[in-house]
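The values are calculated or read from the model by the stated rules, or taken from the named source; none is laboratory data. Predicted model only: the values in this text are computed from it and were never measured. Virtual Cβ from ideal backbone geometry, glycine too; neighbours counted across all protein chains shown.
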Amino acid sequence: MSGNNVDDHLRHGVVIENTYGSVLSGNMIEECNGTAIILDRDCYGITISANVIAHHLGGGVDLRDAWGCAVSANTFTLVHTNSIAVGPDSGRITITGNNFCNSYVGGKDRRLKDSPQPMSRDAGTGVFLKATTDVVVSGNTFSGLDGPAVWTEGECRRLLISNNIVTDVGRRQTEKKPAIDIGEAKESVVKDNIVSEPRTP
């Protein structure tokens, strides 16, 4: 699936199920009320690359049941909930070379932070890992995010979080948290990231 503009859907943008060896590349997916891209029901060997995923109230890429997949070179801008989520039924995932950002244009944010219109609010989110295994998050840029760049829930194993740039994150946190927060993830490595201190609430 390549070269499409999926805009203003009332629910999800693209849902891929029970599929392998596919490519989703070069698309503009914006302003869906649900999630931009979902992989579910035994997906494997799929690449999601070079897409612009913009201005979603829901999530960006939700890997619900996906194995051996790559998410690379995408731009996630103004995604309000989990730009990338990797669930407990997914693993062996590579997340590399993506940009996670808000509406910053140098010196100011384009979107009003406290706009009464939710879709106009300046926002940005990162990578959420839930009880998953064997995930690489490397070579990404995280900037202007509401919370952490990467965070976990449940028991994660064998995570490699390295060589990312993280700046101006934690903008809407009610308490100070690490910019990369993998909790008690086992057999995991966080190294060689360039991290500016999260904002103080």
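Per the conditions (1) of a type outside the set (Gly, Ala, Ser); (2) in contact with a strand residue (DSSP E or B) (Cβ under 7 Å, 6 or more places away or on another chain); (3) in a loop (DSSP other than H, G, I, E, B); (4) closer than 26 Å to residue 168 by Cβ, the sole criterion not satisfied by residue 81 is (2). All conditions but one from (1) farther than 27 Å from residue 21 by Cα; (2) among the β-branched types (Val, Ile, Thr); (3) under 15 Å from the mean Cα position of the chain (by Cα) apply to residue 61; the one that does not is (1). Cβ-Cβ distances below 6 Å connect the following pairs, each with a first residue in segment 122-149 that is among the acidic types (Asp, Glu), a second residue that is assigned to a strand (DSSP E or B), and a separation of six or more residues or different chains: 122/109; 134/91; 134/92; 134/158.
When residue 55 is tested against (1) of a type outside the set (D, E, K, R); (2) in contact with an Asp or Glu (Cβ under 7 Å, 6 or more places away or on another chain); (3) at pLDDT below 95; (4) part of a loop (DSSP other than H, G, I, E, B), only condition (4) is not met.
The one condition from (1) surrounded by 16 or more Cβ atoms within 10 Å (Cβ to Cβ); (2) touching a Ser or Thr at 6+ places or on another chain (Cβ under 9 Å) that residue 6 does not meet is (2). Just one residue in the set 102, 98, 74 is within 18 Å of residue 165 (Cβ to Cβ) and over 10 Å from the mean Cα position of the chain (by Cα); that residue is 102. Across segment 134-145, a minimum of one residue is classified as on the phi > 0 side of the Ramachandran plot, of a type outside the set (Val, Ile, Thr) and buried (at least 19 other Cβ atoms within 10 Å of the Cβ).
For every residue, the table says whether it meets (1) under 15 Å from residue 83 (Cβ atoms); (2) assigned to a strand (DSSP E or B); (3) among the small types (Gly, Ala, Ser).
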{"position": "147", "(1), (2), (3)": "yes, no, yes"}
{"position": "151", "(1), (2), (3)": "yes, yes, no"}
{"position": "158", "(1), (2), (3)": "no, yes, no"}
{"position": "173", "(1), (2), (3)": "no, no, no"}
{"position": "177", "(1), (2), (3)": "no, no, no"}
{"position": "184", "(1), (2), (3)": "no, no, no"}
{"position": "197", "(1), (2), (3)": "no, no, no"}
